[in-house]
Every structure is written in C-alpha cells, then in structure tokens.
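Inspection log for the structure reproduced underneath, given as structure tokens.
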Amino acid sequence: MENLERNHRNRQVIPFLFMLLWDQVLMVPTRYSVLEETESGSFVAHLAKDLGLSAGELAARSARVVSDHDKQQFVLEPETGDLLLREKLDREELCGSVDPCVLHFQVFLEKPMQFFQGELLIQDINDNSPEFPDKELLLKILENSQPGTRFSLKLAQDLDVGSNGLQQYTISPNSHFHVLTRNNSEGKKYPELVQDRALDREEQAELSLILTALDGGSPPRSGTALVRILIMDINDNAPEFVNSPYEVQVLESSPPDSPVLTVLAWDADVGNFGRVSYGLFQASDEIQKTFSINEFTGEIRLKTKLDFEKTKSYHVEIEATDGGGLSGKGSVVIEVVDVNDNAPELTISSLTSSVPENAPETVVAIIRIRDRDSGENGKMICSISDHVPFILKPSYKNFYTLVTESPLDRESRAEYNITITVSDLGTPRLTTQHTITVQVSDINDNAPAFTQTSYTMFVHENNSPALHIGTISATDSDSGSNAHITYSLLPPHDQQLALHSLISINADNGQLFALSALDYEALQGFEFYVGATDRGSPELSSRALVRVVVLDDNDNAPFVLYPLQNASAPCTELLPRAAEPGYLVTKVVAVDRDSGQNAWLSFQLLKATEPGLFSVWAHNGEVRTTRLLSERDAPKHRLLLLVKDNGEPQCSASVTLHVLLVDGFSQPYLPLPEVARDPAQDDTDVLTLYLVIALASVSSLFLLSVLMFVGVRLCRRAREPSLGGCSVPEGHFPGHLVDVSHAGTLSQSYQYDVCLTGESGTGEFKFLKPIVPNLMVQDTGNLPCRDSFVFS
C-alpha cells in the first residue's frame, strides 16, 4: 500500500517538474546579427547581460552554447559572459540561397538546469560576382522573326542574396536587340533578349553581343558572357511537351544511373525542323550534378545518389529544341521518398568523467540525439544499460540528462561503463550505441586501519643509533591522497618519558628507529601510541599501541663495593698469626648492574704472595685461610682477586687485598703500604719525626688502657657466633644498580659495618659505619665489558 501511495505521489510530482522545465525552455529566442566573413573571435553579444546573469554565475553554472549546425560556431567566454565567433562565417556555405540566414543555438545552464534559445542572423556582404554557367551562349533565330520577339537566355548565378544578389542584365550596344531583366517561377532573374528590328540572313548571318549581369552591391560586381546569334532559315513550329509539368517520386536509396522518367515533345514540322532534341534548361549546378537527360530519347537518369535529408524535392526545367532552333519549355517535379537510411546520431554535449561518491543525483552527461530521417523513420527511443545506478531523464526536445540514481560507493565499485542506445522506429530499425566510462572519485570516508591493535618489539640494549627495531603498518581503503598514510608518534601519557629522544618513526612507511643506545639498567621497557593519518579533507586517523621491550646485554663489569678501590691508601686487613684454618679474613662485596645470569657473580683468587695460604669462596667472595700460620710466613701479603659475571661474553673486575699478619693487636708497628711521596711535604717530615717520638712516650701509657678495652670486647664477642672479618653492607643490596643519570653514575650511598671477631685470641678494630662516597664509573666506550674502574 505504501508503494502505491509513493508511486501516486511521483506521478503527481513528475508532471509538475515537466511543466516547470517546459516553461524554462519555451522562452522567446533572442536574435543577434553579424556580417558574414567576420573574423573568428569577434564579439556577438553580451550573453550574460541578456540572460540577466553575471559572468560569475555563467561559470558557476557551467554555461555551454550548442548550435543546431553540425559545426559549433560559437564560443562562450565564461569570465566575461561574451558570446564570440569560433570561426569565420560564410553565409553562402551555411545557408546557400536561403534568406534570411539564421543560425539557431541553445544556452544550457546547470544548478538548476535551464535552457535559452538564441538566433544569429548572418547578414550578407557583396563578396560574390555574378557568373554565367557558360562563357559563350549560342542563340539561333529564324530570319523571319518579327521585331518584338523575345528570346530567353541562360541566367547568371550570384551566390549573394538580397540587394547584393543579381539585379539586372545589360547587353553591348547594337541596332537589332536590347535585353530585359525578368523573373522566373522561382523568383530568379534571367535575361530576355528582345528583337528590335527585322533580321536579314543574307545581310548578316551572325551577331556577337556581350551580355553583362550586374548585382546591387556597392560597388556593384558583374559577370559577362558572349552571346552568339545565328540567323536561321524559317521554322514556324516549335516543339511542345506532351505532359507538362511532369511529376514523379524516386526513392532516396535509388542507385546512380537509375531512370527517373522519360519526357516527350513533338514538333509539327517535318524534316530537320521536326527533329527534337532534349536538354536541361536554366539548370542550377546541383540539378546538373544530380540529373542527366538523354538528348535524343528524353530519358532522365540519376547521376548521383539522392539524400532526402538534404533535398526533399527537385524542380527541373527541361527544353525541347527542333532542328530549326525553335524550342519548347517544360518542367519536371521530382519528389524524393524517404527511406530509413540514417542511423540515429548521438552527441555528448557535456560529460563529467568523474563523479564523487556519496553525492546524490549528480548530472553525469547531457546527451543530444537526432535522426535525419522523417516520419516513423525519424522517431527515436533512448535507453541505457541495465544494472547501473544511473537513470536517463528527458529534458528538452531531443536532449537527455544522465544522472546518478543513488549515491555511489567507490570502495565497492570505482568505475562504470554505461552504454547509451538510441534506436529509431523505421523498418528495418537502426541503432546507435555509445559507451561512456564514469570514474567514481574518492572522498575521505575511511580512516586508516592498523594491521594490529598493538605491536611488541624487542631490542637489545647498547644498540647502535638509528637502529631499525620494527615496522607498523596501516591500510586505507580510500584512494589517492585520501589513502596516503602518514605515521607519527603520539604524545605519551607518561610526561617524564622523553619519547622523541628515544624513538623516531618514518612518516611514509611506518619504520621505527631507536635514536640512541638504550640502557636496560636505566629503562627495561616503555610503551607509546603511534598514529596513522591520511591526507584527506577532513583528515581521518587511528592509533595503535607499541610496546618496546629492552633486552639485557652483558655490558657491565662487576663493581666492587668492598674493599674500596678508590681510597688514597689501600685498605689493609689484619690477620692474627694464631688464626685457625678457615679463618674469615674479609669478604669481597661486588654487584653487577646487569640482570639475570649476566649478574651472577663468581670470585676467583688469581695471585697471592703465599699461594697456598688463602682461598676465596667462588659464590660469596669470602677470603679465608687454608692452613695455620707459621713464623716463616711473610708479615705482609698481597692478594689479587677476580670477580666475573656469568654473561656472554664474560665481564670481570679485579680487586687487590692487603693482609697484614699481627701477633695480637698490641704490635706497635703496622707497616703502611707504599704511597707516592709528595715533595711538598719534605719540609714537614723532620717536625713530624719529633712529634712521633713525643707521642711514643705517651703511647706506652695509653697502651694499657687499650689492652683492657680489647680484652672486654673479646670476652663479649666470644659469646656471639663467629661473623668473621667481613665487610657487610647494612640493609639489603639490590641485584643491580640503576643508572638514573644516564651517565653511568652510581648515586646511592652504601654503609658498611666492619666487624672483627675475637677468634684466635686476637683483637680487631671496628670501623663504625663509614659512608661510601658516590662512585663515578667512567664509560670506556661501546665495549661489551668494562674490566677496570676509575674512581673519584
């Protein structure tokens, strides 16, 4: 029921639109005029002003001028709204003898569509002279011809019309004839020779006169012909046609040399005066090219093929002349019968080769059809191919507009081949087809889409700058600039992450690069969003998450926390000579900034003053004695230990320990390690010597107090478990150190409590929580391992 109501409403709207459109096109045509032979590009009219429009409106509404002639003689200047001539106009070529010569044209406007009619009157100029078909005219006159007798001569032809056309004839001065200007049945002027006095063949058998044809131009043009007058013997009967005028119909499809009809004339005279010959009289060039007549039989035949669309009928003047020179006139009316010999013509007046998608009811082309045949042969039906979203709408006379039926979608189909078919109703039917290709232009209605919603990329630390770590990819189903994708880094949520100093992206292909060497110890991973934006208008974009995971490399050598290696004087460990085997001398504490197995440390004793006296535990760095000490053992020992990790390649660091053997803690002399002597202190050495001697005397008094204090400490330590002489960091040590300054600086401060056991009855010093200064590790280049340290 809803479809019926919709169809009923459509049937009501369509006649209303048709009447509205019809009112637009049925306006009185505007006439302009121009002289023939006017140069191309000449001004004809200010068309915009005449239509009541501005020049800008003409350009905006895609104004076009189409003439009914096969050639387009006009050019519309859209900027000024002026109508100009495309080429020089020749009135005689365009209209022939038709006067006035009027060219019809139409002006088409779009948005909304309007049609205006115009006419251009081509005014004739005197650019053609009269011409006789023959330069010499032969006239035979009987000698008994009476004064006042008239003789019709062949007319001259002037292609100009009106006052510029043929106006009169004159003849050279003579005493026998004068000439009159007469009009024939078609309105053409022809000369008529009038006899003034009687002729005498014996006195003068031939006369030669100059016949002049003049037109009415200013100045007038002329043409001449020689008239030869032969004075003949008496012949008192002229031939007469049996039937005049003759009427005949000929199919336009008749081949050349086909017979049209046979005319017949008779003469009452006998002999030579009664013998009749036939010919065409005052025939134009077109008739002479189309028909021929047999001089003896009077049979008229075709010389060329007929064209109904060009000429529908011919009026042929014929002449029968006897042997005495007398002639009779007749006429033949030849009607050309139309056959369906012209296929319909199809002209694309306006074509839009590209139609934007999603645009409703867009005009694609304006089509003009024409059939040169007449009647049923000239009636036409226009249609387009099926299953395309286009419809054909009749607009004005034989004009149609091809419009989109519904919005198009370029992503589903980007091109349509539309076949326009025009058929006439003749027998047999003739058909013309024309195929146009319509491209669907893209609009930016699809955002880029990533192939993945998130990407995870792995990169080893210490990578080379500008290292390609991965590629993201997005696609856009649009085309052209709408599908050209530009990739970019989006601002990170974590404002502390200097993303643009870490990662760069190739805007064209989505390749991601690490701008600088990454450090796993400083940054184990990060994530950010990348955007893909097309170049449409407006721009559409999408984003995807990228996770970058930094993989650890063994790029950090173990770092020794204890004993300190940057002190001005090396740390010396005291070992009682009474120490038992397995006595804990000290513990080497080291860390590795790497992670995993790269941070698994092992310890090894490389070199010792007494190779068999000390050993180091491989997993905890504890340095212990392996045997009892003897008097032959040197009092001072130097141990070189190696700390290495479990990475690949393996990195290591060395540490030097100084061990001093003491017989209890009362030994007054503790040899110091060799220190480079400062020359600046040479002057103070003597003073220092005296001070030491003075203090030695006081020391003997102080020594007793110290021994008592040590005894108390040893009794207290005997009750506690043996802790050995290790240097134990207070609190929990992290598995690796974090480089927070991006320059390899260990900024944390570590505190150690050096505990001395009371084993073997010897006392030891206790260093109360010294604060380890900040350690600066110099970067030795992009080496996988660092095996030496420089401390400040």
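If you add up the charges near Val333, with Lys and Arg at +1 and Asp and Glu at -1, over every other residue whose beta carbon is less than 14 angstrom from its beta carbon, what do you get?
-3
At R0 = 60 Å, how high is the FRET efficiency between Arg535 and Ser67 if r is their beta carbon distance? Nearest 0.05 is fine.
Taking R0 as 60 Å, the efficiency between Arg535 and Ser67 is 0.85.
Per residue, what volume in Å³ does the Cα convex hull of segment 136-232 take up?
Hull volume normalised by residue count: 91 Å³.
Give me the percent of accessible area attributable to carbon and sulfur for segment 136-232, probe 1.4 angstrom.
Ligands and nucleic acids excluded, carbon and sulfur reach 46 percent.
Compute the accessible area per residue over segment 258-305, keeping the other protein chains in place, probe 1.4 Å, unit Å².
55 Å²
Over 27 Å between Cα atoms, which of Lys587/Lys644; Lys305/Lys379; Lys135/Lys303; Lys289/Lys397 qualify?
Lys289/Lys397
Between the alpha-carbon centers of segment 60-84 and segment 163-226, tell me the distance in whole angstrom.
Between the Cα centres of segment 60-84 and segment 163-226 lies a distance of 48 Å.
Under 5 Å between amide hydrogens, which residues at least 5 positions from Leu261 or on another chain qualify, with H placed 1.01 Å from N in the peptide plane?
Excluding prolines and chain starts, which carry no amide H, the hits are Ile300.
Loop-only GluC sites (Glu not before Pro) in segment 198-298, please: DSSP not H, G, I, E or B, and at most 15 other Cβ atoms within 10 Å.
Here the sparse-neighbourhood loop sites are Glu202, Glu203, Glu295.
Given R₀ = 45 Å, FRET efficiency for Ser253-Glu37 by Cβ-Cβ distance, to 0.05?
0.75
What percent does the relative contact order of segment 136-232 come to when contacts are Cα pairs within less than 8 Å and at least six residues apart?
38 percent
In whole Hz and in residue order, list the ³J(HN,Hα) couplings for segment 224-232 that follow from phi through the Karplus curve 6.51 cos²θ - 1.76 cosθ + 1.60, θ = phi - 60°; x for Gly and Pro.
With the stated coefficients, segment 224-232 comes to 10, 8, 8, 9, 9, 10, 9, 8, 9 Hz.
Give me, ordered by chain and number, the residues 5 or more places off Leu430 or on other chains with an amide H under 5 Å from its own placed amide H.
Residues meeting the amide H criterion: Asp424.
Could you give me the ³J(HN,Hα) list for segment 378-387, computed from phi with Karplus coefficients 6.51, -1.76, 1.60 and θ = phi - 60°, whole Hz, x at Gly and Pro?
x, 7, 10, 10, 10, 8, 10, 5, 7, 6
Any idea what the dipole of segment 50-180 comes to, in debye rounded to 20, about its Cα centre with Lys/Arg Cβ at +1 and Asp/Glu Cβ at -1?
My answer is approximately 340 debye.
Convert each backbone phi in segment 177-188 into a coupling constant with the Karplus relation 6.51 cos²θ - 1.76 cosθ + 1.60 (shift: θ = phi - 60°), then list the ³J(HN,Hα) values in order as whole Hz, x for Gly and Pro.
Values, residue by residue: 9, 9, 10, 10, 9, 10, 10, 8, 5, 8, x, 8 Hz.
Hand me the GluC sites (Glu not before Pro) from segment 314-367 located in a DSSP loop with no more than 14 other Cβ atoms within 10 Å, in residue order please.
Glu361
For segment 506-568, with every protein chain kept in place, what is the accessible area per residue (1.4 Å probe, Å²)?
For segment 506-568, the per-residue accessible area is 40 Å².
Using 0.36 nm per residue, how much length does the chain from Ala414 to Gln597 gain when fully extended, once their Cα-Cα distance is taken away?
59.9 nm
Let me spell out the model: positive unit charges on the Cβ of Lys and Arg, negative unit charges on the Cβ of Asp and Glu, origin at the Cα centre of segment 554-658. What dipole size does that give, in debye rounded to 20?
360 debye
Any chance you could run the full-extension gain for Ala359 through Glu240? It's 0.36 nm times the residue separation minus the Cα-Cα distance, nm to one decimal.
35.2 nm
Which net charge results when you count Lys and Arg as +1 and Asp and Glu as -1 among the other residues whose beta-carbon is under 11 Å from that of Arg535?
Neighbour charge sum, excluding Arg535 itself: -4.
Spin-label point model (7 Å from Cα, Cβ direction): what's the Leu226 to Glu335 distance in nm?
Calculated label separation equals 4.6 nm.
Whole angstrom only: what separates the Cα centroid of segment 558-608 from the Cα centroid of segment 383-412?
92 Å
Using modelled backbone amide H atoms (1.01 Å from N, in-plane), which distant-in-sequence or interchain residues come within less than 5 Å of Cys101's amide H?
Ile122
Can you grab the distance from the C-alpha centre of segment 274-307 to the C-alpha centre of segment 450-468, Å, no decimals?
Centre-to-centre distance over Cα atoms comes out at 97 Å.
Under a 1.4 angstrom probe, counting protein chains only, how are Arg91, Arg632, Arg429, Arg368 ranked by accessible area, largest first?
Arg632, Arg429, Arg368, Arg91
Would you kindly find the accessible area of Val270, with a 1.4 Å probe and non-protein molecules such as ligands, DNA and RNA excluded, rounding to the nearest 10 Å²?
Here the accessible area works out near 120 Å².
Taking the Cα centre of segment 240-337 as the origin, how large is its charge dipole in debye, to the nearest 20, when only Lys and Arg (+1) and Asp and Glu (-1) carry charge on their Cβ atoms?
About 180 debye.
Could you grab the relative contact order for segment 559-662? Cα pairs under 8 Å, six or more apart, rounded to a whole percent.
34 percent
Quick one: net charge around Leu155, please, counting Lys, Arg +1 and Asp, Glu -1 for every other residue with C-beta under 14 Å from its C-beta.
-4
What is the extension gain from Glu309 to Arg275, computed as 0.36 nm multiplied by their sequence separation minus the C-alpha to C-alpha distance, in nm to one decimal?
Between Glu309 and Arg275, full extension yields 8.2 nm more.
Got the relative contact order for segment 345-438 handy, in percent, Cα pairs under 8 Å and 6 or more residues apart?
32 percent
The values are calculated or read from the model by the stated rules, or taken from the named source; none is laboratory data. Predicted, not measured: the structure shown is a model, and the values here were computed from it. Glycine gets a Cβ as well: all are built from the backbone with ideal geometry, and neighbour counts include every protein chain shown. When the accessible area is computed, the model is the full protein with side chains, heavy atoms only, and any ligands, DNA or RNA have been set aside. Shrake-Rupley method; radii C 1.70, N 1.55, O 1.52, S 1.80 Å.
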